[in-house]
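The values are calculated or read from the model by the stated rules, or taken from the named source; none is laboratory data. Keep in mind that this is a model prediction, so the values were computed, not measured. FYI the Cβ positions are ideal-geometry reconstructions off the backbone, even for glycines, and counts take in every protein chain you see.
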Amino acid sequence: MENDKMVRQANQIAQYFSVYPQARAEEGVHGHIRKFWEPRIRTQLIEYVAAGGNGLHELVHTAVDSLRDEPSSGGESGDPAAQQEIGRRAT
Amino acid sequence: MASLNPVNYGTPRRSSDTQITLEIDGQSVTVPQGTSVMRAAIESGIEVPKLCASDMLEPFGSCRLCLVEIEGRKGYPASCTTEVSEGMQVATQTDKLNQIRRGVVELYLSDHPGESLTPEGHGDDELLELADRLDVTEVRYNKGRNHQLATVDGSNPYFDFDASRCIVCSRCVRACNEVQGTFALTVDGRGFASMISAGTDDDNFLSSECVSCGACIQACPTEALIEKDVVEMGMPERSVTTTCAYCGVGCSFNAELKGDEVVRMVPAKQGKANQGHSCVKGRFAWGYTNHPDRITKPMVRDKITDPWREVSWDEAIAFSVDKINGIREQYGSGALGAITSSRCTNEETFLVQKLARAVFNTNNVDTCARVCHSPTGYGLNSTFGTSAGTQDFVSVEKCDVILVIGANPTDAHPVFGSQMKRRLRQGARLIVCDPRAIDLVRSPHVQADYHLQLRPGTNVALVNSMAHTILSEGLENRVFVEERCDMDEYDGWREFILRDENSPENTEQYTGVPASMVREAARLYATGGNGAIYYGLGVTEHSQGSTMVMGMANIAMATGNIGRPGMGVNPLRGQNNVQGSCDMGSFPHELPGYRHVSDQNVRDIFEKEWGVTIGSEPGLRIPNMIDAATAGTFKGLYVQGEDILQSDPNIKHIAAGLAAMECVIIQDIFLNETASYAHVFLPGSTFLEKDGTFTNAERRINRVRKIQTAPAGYADWEITQLLAQALGYPMNYSHPSEIMDEIARTTPTFKGVSFDKIDALGSVQWPCNDDNPEGTPVMHVDTFVRGKGKFMLTPFVPTEERANRKFPLLLTTGRILSQYNVGAQTRRTANRLWHAEDWLEVHPSDAEMRGIKDGTLVAVASRMGETTLRAKVSERMTPGVVYTTFHFPETAANVVTTEFSDWATECPEYKVTAVEVRPCNTMSEWQRRYIDTREKQQQIESEQSVRDPDSVAAGFDAGDKEWEPAE
């Protein structure tokens, strides 16, 4: 995904939750991204923030702080070896 | 009565707490109060002759054939218009009655051809059948003045009207009025000159207001109105009940066959969604199933610039498996994905997501609901706890106030639209929220109390202002809220809504709707009795689609309009199986039954059932797949019954993403637009060629029954299974019922569902489980699925897509009655006579400023692209807003739509695009390139173009070889 598009989508989520009190807003943005964004896009977001995170809503920055500490739980990592292992189990 | 072996009870069923017992022909009969003598007799197995009576219509009493004798009453009352009374003694068969009836039949026959239009017996002609039964063998009257030389009106592509057979019983007129609600037919003239007339004197059926729903043909007792196919092929011999493959109403039809060939589709009276009614698509537009454009052999190619090569199934599957395995080995499972279709059955959809999760080993699976009702899933799940409409369709009969938001039921869900109009004619009040004056705003005998003609993109501001009115004027149902809802959430919502920013006076600047009108409409919804919300894509296809769904759920809870018949929040689903495809785990974050993939307990169920490990991370959505493809991390896609190149926004980006993939497998019935970018084409099956189930907008699971074999040999579920098996996974179903059994084993809301149960009950609405073994017509009755109802905050965030100096108009898109979505089916039928190309509706003032007249070719340009189509100057639009449909690939409305999408679900914002419109005289450069590219990329080796070259050159080709473009 292009960074501009990712930033806009992340900010849309933040704009929605920003109407809630701070703690719930932070939880909302983090939870939404964690629940619906595929790991590759989350990684892209984390890397974008690491590079400065230009244009991102403050709530997204906070959410990324939490996301950074959470490893993806597997199955969708895009790592060929891991996927082939799962594939072998499937067959 | 155009149907095989119908039981026509003569008058509609009545319900009453009071039962009446009477005696008919010496037999004791008990029926509800209000029942006609005719119906009481027929329900008891006693035949009563009739011609003007139908159980779909209110009694009329004109044919004088259903006369009976009643003890203690003078004369011979008509049994259809006489209600039963306690102790009544009725005789239906006496010498005198038979003498009168024979005389009446003889009079009718004196101005009738005397034989059926079909070679078999009496065909559909009840008069001839009655003459036989009453032993009327001759007509004593000399041929005097008559109508036997009347011209047949054959203008409609699907049926004829032959006035020489008409007995002016008015069944057709009443069907048009009472069942369809169009009021297109009338009895013109008086006495001998009385004739059924469609429209004005200058009209025929085609040019009239007739919408070709078929209700009049269904009603006609004499073959005066008859399907052309029946005249041509003769009477059908048997019927199979199945479910329509068009919109989310999910009408039940009897497919009537002669041999193995379908003669006609007749709406099933026992169908609980449609109650015997139909629209022009389901009733008539099924000819695409036998269209010569059907692809009948699998095809493959190494590059999308190569011509297609027809191969055996074995070769096509082996080719696919090599590609899939190659991609998985090189890039990992995350480079693979699948798209399920709302045009396929539940069982087929379940298998595709199973293929993705259990065989590809990825959660990269998505469905076309991504671009339509995904915000419904998010919004209703957040507030009520589950992603589904709350009511059954029949609930509308109990509505007092109907709030239609961003939906156009008479065009997009016509059979339910007719049910709604019937309730409106009975006196229900109507509020329409739509930028366009849809038919419901003002049509015969229906007029909206309020048309809130808001600017596109301001739904949330409007619903907030309605909520503000409800709370600030103390109109909420506090008892309901305290008993049923989470009060902490309510208190937060209340504080938010009561802010000045949400007052109608403040939001008027965004919506353009006068504050006083908003307040009046909100008062009506809150205090007018049972209030029901019906909504469509005009709600969901916005950057705040999910917020708006929650906003509607909020006002339903605040006013207590949830949990009983006549109320609720009801998404009108676009495609026949949108509900089902979502139920079946088609979203990348959910397993079947809307359970998140991160839930280990849920994964355990499927891992045990499927013998695999399932990923716990959400997969890619369709737009994410396209983005990942252009980024080089997504390489292989299996698409069943979906045409993303035409239906998804920003076509250029979709094309680039598809072109970047190494293997695109398309499974469809036609070489669709997306197939231009495919490497494998697997010819699929239509709804007539498979067994399975569809789930409609009211959560009703209906059976789809196989009537004929797909020309390429396999139903879609069998093709998915072939692919899975070839990839080494043991998928071995022998019938779709076994797939449903697996769904029931793994999905709590489907626990009690089986083909046997559906066959026994006719249909069943989920949740169907131990608590509700026969299903659930109305949800959230005593408690919400999530426990307490949750009010969600709904801040209005204006879309970034704004009209500006360069693009001063806002484009919004929608559907028309005769065409369906991307048009792959309906464009290949005679429905093109009504709508042969997409039009751009422009308000007269916008048109005048730009020198645009009705029929002018215009260029529509946005910051994304430009396309050309014809203008229709129309006061349906508000100034500053233009509208088009998206049924024709050559128009490519989605070349101008943007990448903006719903914040929660990425549902595209189809409903708001800033554009400029100007007259032009040729198709856009993009259209020319597109048609040229498609022509090259859809070429089949050693065959001629699959498209007619003349129409391709004209720029209006739609893959159809029979119909000419409109002048």
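Taking B:T812 as the residue in question, decide whether it is under 26 Å from the mean Cα position of the chain (by Cα) and over 30 Å from B:G337 (Cα atoms).
Yes, satisfied.
Restricting attention to region B:309-323, does a residue exist that is out of contact with any His (no Cβ under 6 Å at 6 or more places or on another chain), outside any helix (DSSP H, G or I), buried (at least 20 other Cβ atoms within 10 Å of the Cβ) and of a type in the set (S, T, N, Q)? No.
Which members of region B:369-422 meet the condition of being among the β-branched types (V, I, T) and part of a helix (DSSP H, G or I)?
In the first step, residues of region B:369-422 are kept if they are among the β-branched types (V, I, T); the result is B:371, B:376, B:383, B:386, B:390, B:394, B:396, B:401-402, B:404-405, B:410, B:415.
Selection gives B:V371, B:T376, B:T383, B:V394, B:V396, B:T410, B:V415.
One residue stands out among those in region A:29-41 that are in contact (Cβ under 8 Å) with a residue 12 or more places away in the chain and crowded, with 21+ Cβ neighbours inside 10 Å: the one that is farthest from the other protein chains (Cβ to nearest Cβ), which is A:H30.
For region B:622-643, the tally of residues that are within 23 Å of B:V321 (Cβ to Cβ) and away from every other protein chain (no Cβ under 12 Å) stands at 7.
Looking for something closer than 23 Å to B:A407 by Cα and within 14 Å of chain A (Cβ to nearest Cβ) - is there at least one such residue anywhere in region B:360-372?
Keep residues of region B:360-372 that are closer than 23 Å to B:A407 by Cα, which gives B:367-372.
Then keep just the ones that are within 14 Å of chain A (Cβ to nearest Cβ); that gives B:370.
Looking through region B:360-372, at least one residue is closer than 23 Å to B:A407 by Cα and within 14 Å of chain A (Cβ to nearest Cβ).
Residues of region A:44-91 that are part of a helix (DSSP H, G or I), within 14 Å of chain B (Cβ to nearest Cβ) and at pLDDT below 95: A:L67, A:P80, A:A81, A:A82, A:Q83, A:Q84, A:E85, A:I86, A:G87, A:R88, A:R89, A:A90. Under the condition of being closer than 30 Å to B:T410 by Cα and out of contact with any Leu (no Cβ under 7 Å at 6 or more places or on another chain), the residues counted in region B:570-603 number 16.
All conditions in (1) more than 9 Å from chain B (Cβ to nearest Cβ); (2) acidic (D, E); (3) over 24 Å from B:W493 (Cβ atoms) hold for A:E26, with the sole exception of (3).
For region B:887-929, residues that are of a type in the set (S, T, Y) and over 22 Å from B:T826 (Cβ atoms) total 6.
Suppose we filter region B:142-163 for residues that are in a loop (DSSP other than H, G, I, E, B) and more than 27 Å from the chain's Cα centre (by Cα); how many remain?
Here is the first cut: in region B:142-163, the ones in a loop (DSSP other than H, G, I, E, B) are B:142-151, B:154-158.
This time we only want the ones that are more than 27 Å from the chain's Cα centre (by Cα), so: B:142-151, B:154.
The total comes to 11.
The single condition from (1) closer than 29 Å to B:H291 by Cβ; (2) modelled with pLDDT of 95 or more; (3) away from chain A (no Cβ under 14 Å) that B:L723 fails is (3). Could you tell me whether B:A335 is under 17 Å from B:D716 (Cα atoms), within 14 Å of another protein chain (Cβ to nearest Cβ) and modelled with pLDDT of 95 or more? For B:A335, the condition - under 17 Å from B:D716 (Cα atoms), within 14 Å of another protein chain (Cβ to nearest Cβ) and modelled with pLDDT of 95 or more - is not met. The one condition from (1) in contact with a Gly (Cβ under 6 Å, 6 or more places away or on another chain); (2) assigned to a helix (DSSP H, G or I); (3) within 14 Å of chain A (Cβ to nearest Cβ) that B:R357 does not meet is (1). Within region B:406-437, the set of residues being closer than 30 Å to B:G823 by Cα, among the aliphatic types (A, V, I, L, M) and surrounded by fewer than 24 Cβ atoms within 10 Å (Cβ to Cβ) comprises just one member, B:A437.
Among the helices (runs of 4 or more DSSP H) lying completely within region B:566-665, list those that include at least 1 residues that are touching a helix residue (DSSP H, G or I) at 6+ places or on another chain (Cβ under 9 Å) and of a type in the set (D, E, K, R).
Ranges flagged: B:578-583, B:600-610, B:622-631, B:651-660.
For region B:239-246, state whether one or more residues are farther than 21 Å from B:V394 by Cα and polar (S, T, N, Q). Yes. Test B:S418 against the stated conditions and say whether it is in contact with a Cys (Cβ under 8 Å, 6 or more places away or on another chain), of a type outside the set (A, V, I, L, M), at pLDDT 95 or above and over 16 Å from B:G528 (Cα atoms). In short, yes.
Could you list, in sequence order, the residues of region A:10-23 that are more than 7 Å from every other protein chain (Cβ to nearest Cβ) and either surrounded by 18 or more Cβ atoms within 10 Å (Cβ to Cβ) or of a type in the set (A, V, I, L, M, F, W, C) (or both)?
Looking only at region A:10-23, we keep the residues that are more than 7 Å from every other protein chain (Cβ to nearest Cβ), and these are A:10-11, A:14, A:17-18, A:21-23.
Within region A:10-23, A:A10, A:N11, A:A14, A:F17, A:S18, A:A23 meet the criteria.
For (1) more than 26 Å from B:D759 (Cα to Cα); (2) of a type in the set (A, V, I, L, M, F, W, C); (3) in contact with a strand residue (DSSP E or B) (Cβ under 7 Å, 6 or more places away or on another chain), each residue gets a yes or a no:
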site: B:G276; (1), (2), (3): no, no, yes
site: B:R283; (1), (2), (3): no, no, yes
site: B:G337; (1), (2), (3): yes, no, yes
site: B:S342; (1), (2), (3): no, no, yes
site: B:T345; (1), (2), (3): no, no, yes
site: B:K354; (1), (2), (3): no, no, no
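Based on this model, can you work out whether B:T118 counts as out of contact with any Ser or Thr (no Cβ under 7 Å at 6 or more places or on another chain) and surrounded by fewer than 13 Cβ atoms within 10 Å (Cβ to Cβ)? When the stated conditions are applied, B:T118 does not pass them.
Within region B:801-826, the set of residues being at pLDDT below 90 and outside any loop (DSSP other than H, G, I, E, B) comprises B:T813, B:G814.
Just wondering, is there one or more residues in region B:365-383 that are of a type in the set (G, A, S), surrounded by fewer than 24 Cβ atoms within 10 Å (Cβ to Cβ) and not assigned by TED's automatic domain parsing to the domain that holds B:Q180?
So in region B:365-383, the residues of a type in the set (G, A, S) come out as B:369, B:374, B:377, B:379, B:382.
If we keep only those that are surrounded by fewer than 24 Cβ atoms within 10 Å (Cβ to Cβ) as well, we get B:382.
Now restrict to residues that are not assigned by TED's automatic domain parsing to the domain that holds B:Q180: B:382.
For region B:365-383, residues of a type in the set (G, A, S), surrounded by fewer than 24 Cβ atoms within 10 Å (Cβ to Cβ) and not assigned by TED's automatic domain parsing to the domain that holds B:Q180: present.
For region B:468-502, filtering for residues that are out of contact with any Phe, Trp or Tyr (no Cβ under 6 Å at 6 or more places or on another chain), within 14 Å of chain A (Cβ to nearest Cβ) and in a helix (DSSP H, G or I) leaves 9.
Regarding region B:881-892, can at least one residue be identified that is within 14 Å of chain A (Cβ to nearest Cβ), assigned to a loop (DSSP other than H, G, I, E, B) and within 30 Å of B:H589 (Cα to Cα)? So far as region B:881-892 goes, no, none of its residues is within 14 Å of chain A (Cβ to nearest Cβ), assigned to a loop (DSSP other than H, G, I, E, B) and within 30 Å of B:H589 (Cα to Cα).
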